[in-house]
Amino acid sequence: MNTNRVIIFDTTLRDGEQSPGASMNREEKVRIAKILEAMRVDVIEAGFAIASQGDFDAIKAVAEVVKDSTIASLARAAKGDIQRAGDAIKPANSGRIHTFISTSPLHMKYKLQMEPEAVHQAVIDSVTFARQFTDDVEWSAEDGSRTEHDFLCRCVESAIDAGASTINIPDTVGYTVPDEYHALITMLFNRVPNIDKAVISVHCHNDLGLAVANSLAAVQAGARQIECTINGLGERAGNAALEEVVMALKTRKDHMPFHTDIETELITKASHMVSTVTGISVQPNKAIVGANAFAHESGIHQDGVLKHAETYEIMTPESVGLKKSTLVMGKHSGRHAFKEKLKELGFTLGDNAMNDAFKRFKDLADKKKEIYDEDIVAIVDEESRDNDIIKFVSLQVVCGSKVEHQTAELELDVDGELLSTTAEGDGPVDATFNAIMALTTDTQHLQLYQVHAVTEGTDAQAEVTVRLEENGKTVMGQGADTDTLVASARAYVNALNKLMVKREKTAPEAMAV
């Protein structure tokens, strides 16, 4: 094994999905898994098989289509969890079971309500049982950064003896700091006698904004797997961001002589896909993938960049797959040119999706003088929802200052049945959402409604984001159209489809890692 190579373990589909508002169905997980595979991610944690039938089916579907990455399923230290995980990854060319249990005094006493001896035995039993399904078993010490050193060393040694080939030491609550975490990993290498038989992994949360820094500190101490997510997605403040970890290692080889196998030119595409699927936007000043990451407004900075890019850019936009939007498409562009543009943007569509996307492109071209790459991406994102149970069909809204009642006439396709209704509201958006609820469900609560333009200009497509809440579960939905009300309807429908996925999921105890 190349001792300077860092294994990238992506948990966007599992830990990322635990982010409030994020929820992915089977088809969406497969889409994201395919781009992670194209990026040459080493391990894709596709879900938590015991959480729901939908999660199990999604892991299995990912395992069936991904050939070049290892597919992992999370499992608690329980035979039912491990059995379910083993069944889910069975179709994979390379499958891994990732089993875990809490080891910190706080977690053992209050969450598990188990004595340390019982936890230690559970470590041995769970890893031993997992080895019956696969030779690739990863064991995690949940809340490892707050675990007593003697007990942690004992559990790690026993997990390796039981057959774990990867040992993960998570900073589950984002509590540690880089020098402390470095010392923890160093301590394990110094004290665990069989540590050379396993890869040491780290899984850092970002509660103090230190997830990436802690991950890199651990690598410098000898860890060789980093668990991370696209856009840093994850519960609470999120996880270490894959794009930041990878580009830090690539950019600062002088200080960190390590490397990954990631195809960094696909980072921007992956970031956009995850944002679209989850409905969680990337903040403009986000490192690597934010809209402002390569933008320069200061006159001094602009002057420097124009004279020599490296004065203010430590990496090139092209290195992360960022391409300047071009104005080469319009209403006279044909199907072949449109297909080539999709290929240039990294999209491959089936015949039906291609036909639908091309029709929407031509409709948009009749409304807009200039078609940007971002417009086309928004169209493709909309057409990627073929498997949704609820689909938007049409909307007609009557509104304005002279209208006494704002009304919306709406048509939806609900599980193959065409339904229509008319509803009133305090405004055109309220009327539209009332119409959707009349045709579907009204148990959800609207927490957020947000509109922004995909591109510049008064004819820009509007991209709408909505957040729905139901019984403590939240989902995000997005929709795009030149008509803001149509975009609003699409966003709400998208969120409803995600809520249906969320309703299936249970919340097993000790789900976090």
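The values are calculated or read from the model by the stated rules, or taken from the named source; none is laboratory data. A quick note: this is a predicted structure, and the numbers were derived from the prediction, not measured. Every residue, glycine as well, gets a Cβ built from its backbone with ideal geometry; the counts of neighbours run over all protein chains shown.
Of the numbered conditions (1) surrounded by fewer than 24 Cβ atoms within 10 Å (Cβ to Cβ); (2) aliphatic (A, V, I, L, M); (3) touching a strand residue (DSSP E or B) at 6+ places or on another chain (Cβ under 8 Å); (4) under 30 Å from Cys153 (Cα atoms), Val66 satisfies every one except a single condition; which is it?
Unmet for Val66, out of (1) surrounded by fewer than 24 Cβ atoms within 10 Å (Cβ to Cβ); (2) aliphatic (A, V, I, L, M); (3) touching a strand residue (DSSP E or B) at 6+ places or on another chain (Cβ under 8 Å); (4) under 30 Å from Cys153 (Cα atoms): (4).
Tally time: how many residues in region 108-142 are closer than 27 Å to Val43 by Cβ and modelled with pLDDT under 95?
Residues in region 108-142 being closer than 27 Å to Val43 by Cβ and modelled with pLDDT under 95: 2 in total.
Return the total of residues in region 286-297 being closer than 21 Å to Met476 by Cα and either out of contact with any Gly (no Cβ under 9 Å at 6 or more places or on another chain) or modelled with pLDDT under 85 (or both). Don't jump to the end; show me each part of the working.
Of region 286-297, the ones closer than 21 Å to Met476 by Cα are 286, 289-291.
Retained after the next criterion (residues that are either out of contact with any Gly (no Cβ under 9 Å at 6 or more places or on another chain) or modelled with pLDDT under 85 (or both)): 289-291.
Number satisfying all stated conditions: 3.
Determine, yes or no, whether Ile44 is touching a strand residue (DSSP E or B) at 6+ places or on another chain (Cβ under 6 Å) and closer than 28 Å to Gln220 by Cβ.
yes
Quick check on my filter: what residues within region 354-379 are outside any helix (DSSP H, G or I) and of a type outside the set (D, E, K, R)?
Pass one, region 354-379, residues outside any helix (DSSP H, G or I): 368-372.
If the condition is that a residue be outside any helix (DSSP H, G or I) and of a type outside the set (D, E, K, R), then Ile371, Tyr372 are the ones that fit.
I want to confirm something. Restricting to region 95-151 and keeping residues that are touching a residue at least 24 places away in the same chain (Cβ under 8 Å) and among the basic types (Lys, Arg), which single residue is surrounded by the fewest Cβ atoms within 10 Å (Cβ to Cβ)? Don't jump to the end; show me each part of the working.
Of all residues in region 95-151, those touching a residue at least 24 places away in the same chain (Cβ under 8 Å) come to 95-107, 111-112, 116, 119-120, 122-149, 151.
If we keep only those that are among the basic types (Lys, Arg) too, we end up with 96, 111, 131, 146.
Details: Arg96: 25, Lys111: 15, Arg131: 17, Arg146: 18.
Among them, the one singled out is Lys111.
So, Thr12, is that one among the β-branched types (Val, Ile, Thr), in a loop (DSSP other than H, G, I, E, B) and over 16 Å from Leu242 (Cα atoms) or not?
Details: among the β-branched types (Val, Ile, Thr): yes; in a loop (DSSP other than H, G, I, E, B): yes; over 16 Å from Leu242 (Cα atoms): no.
So Thr12 does not fit the description; no.
Residues of region 237-269 being farther than 14 Å from Ile35 by Cα and outside any loop (DSSP other than H, G, I, E, B), which ones?
Asn239, Ala241, Glu244, Val245, Val246, Met247, Ala248, Leu249, Lys250, Thr251, His259
Conditions (1) β-branched (Val, Ile, Thr); (2) without any contact (Cβ under 8 Å) to a residue 60 or more places away in the chain; (3) assigned by TED's automatic domain parsing to the domain that holds Val30, marked per residue:
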| residue | (1), (2), (3) |
| --- | --- |
| Ala357 | no, yes, no |
| Gln406 | no, yes, no |
| Pro428 | no, yes, no |
| Leu446 | no, yes, no |
| Val454 | yes, no, no |
| Gly457 | no, no, no |
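Given the structure, is Lys79 surrounded by fewer than 24 Cβ atoms within 10 Å (Cβ to Cβ), in contact with an Asp or Glu (Cβ under 8 Å, 6 or more places away or on another chain) and not polar (S, T, N, Q)?
Numbers: surrounded by fewer than 24 Cβ atoms within 10 Å (Cβ to Cβ): yes; in contact with an Asp or Glu (Cβ under 8 Å, 6 or more places away or on another chain): no; not polar (S, T, N, Q): yes.
For Lys79, the condition - surrounded by fewer than 24 Cβ atoms within 10 Å (Cβ to Cβ), in contact with an Asp or Glu (Cβ under 8 Å, 6 or more places away or on another chain) and not polar (S, T, N, Q) - is not met.
Working only within region 37-59, note down all residues that are in a helix (DSSP H, G or I) and either crowded, with 22+ Cβ neighbours inside 10 Å or touching a residue at least 60 places away in the same chain (Cβ under 8 Å) (or both). Spell out the reasoning first.
Filtering region 37-59 for residues in a helix (DSSP H, G or I) gives 37-38, 49-51, 53-59.
The answer is Ala38, Ala49, Ile50, Ala51, Gln53, Gly54, Asp55, Ala58, Ile59.
I need the full set of residues from region 70-106 which are part of a loop (DSSP other than H, G, I, E, B) and of a type in the set (D, E, K, R), in order please. Give the steps one after another, and end with the answer.
As a first pass, look at region 70-106 and keep what is part of a loop (DSSP other than H, G, I, E, B): 77-78, 89-94, 103-104.
The one that is part of a loop (DSSP other than H, G, I, E, B) and of a type in the set (D, E, K, R): Lys90.
Just to be sure, is Asp15 buried (at least 19 other Cβ atoms within 10 Å of the Cβ) and within 23 Å of Val173 (Cβ to Cβ)?
When the stated conditions are applied, Asp15 passes them.
Of all residues being assigned to a helix (DSSP H, G or I) and of a type in the set (Asp, Glu) in region 15-31, which is modelled with the lowest pLDDT? Just the residue, please. Full working, then the answer.
So the first thing to find is which residues in region 15-31 are assigned to a helix (DSSP H, G or I), and the list is 16-18, 26-31.
Applying the additional criterion that residues be of a type in the set (Asp, Glu) yields 17, 27-28.
Details: Glu17: 85, Glu27: 88, Glu28: 88.
That would be Glu17.
Please go through region 200-237 and give me each residue that is surrounded by fewer than 23 Cβ atoms within 10 Å (Cβ to Cβ) and at positive phi, ordered by number.
Once the filter is applied, which keeps residues that are surrounded by fewer than 23 Cβ atoms within 10 Å (Cβ to Cβ) and at positive phi, region 200-237 yields Gly209, Gly222, Arg236.
Does Lys34 satisfy being of a type outside the set (Val, Ile, Thr) and either buried (at least 22 other Cβ atoms within 10 Å of the Cβ) or part of a helix (DSSP H, G or I) (or both)? Please lay out each step first, then the result.
Details: of a type outside the set (Val, Ile, Thr): yes; either buried (at least 22 other Cβ atoms within 10 Å of the Cβ) or part of a helix (DSSP H, G or I) (or both): yes.
The answer is yes for Lys34.
Please determine whether any residue of region 74-81 is out of contact with any helix residue (DSSP H, G or I) (no Cβ under 9 Å at 6 or more places or on another chain), closer than 18 Å to Trp139 by Cα and not hydrophobic (A, V, I, L, M, F, W, C). Spell out the reasoning first.
Of region 74-81, the ones out of contact with any helix residue (DSSP H, G or I) (no Cβ under 9 Å at 6 or more places or on another chain) are none.
Checked against the condition, which is being out of contact with any helix residue (DSSP H, G or I) (no Cβ under 9 Å at 6 or more places or on another chain), closer than 18 Å to Trp139 by Cα and not hydrophobic (A, V, I, L, M, F, W, C), region 74-81 yields no hits at all.
All but one of (1) within 20 Å of Phe9 (Cα to Cα); (2) of a type in the set (Val, Ile, Thr); (3) without any contact (Cβ under 8 Å) to a residue 60 or more places away in the chain hold for Val177; which doesn't?
(1)
Counting only residues that are touching a residue at least 60 places away in the same chain (Cβ under 8 Å) and surrounded by fewer than 16 Cβ atoms within 10 Å (Cβ to Cβ), which one in region 247-270 is nearest to Glu344 (Cα to Cα)?
Glu263
Can you tell me which residues in region 373-419 are at pLDDT below 80, under 22 Å from Val501 (Cα atoms) and not aliphatic (A, V, I, L, M)?
Asp381, Glu382, Glu383, Ser384, Arg385, Asp386, Asn387
Can you list the strands (runs of 3 or more DSSP E) lying wholly within region 387-474 that have 2 or more residues being exposed (fewer than 15 other Cβ atoms within 10 Å of the Cβ)?
Working: elements: 390-398, 406-414, 417-425, 445-453, 462-470.
Passing ranges, in order: 390-398, 417-425, 445-453.
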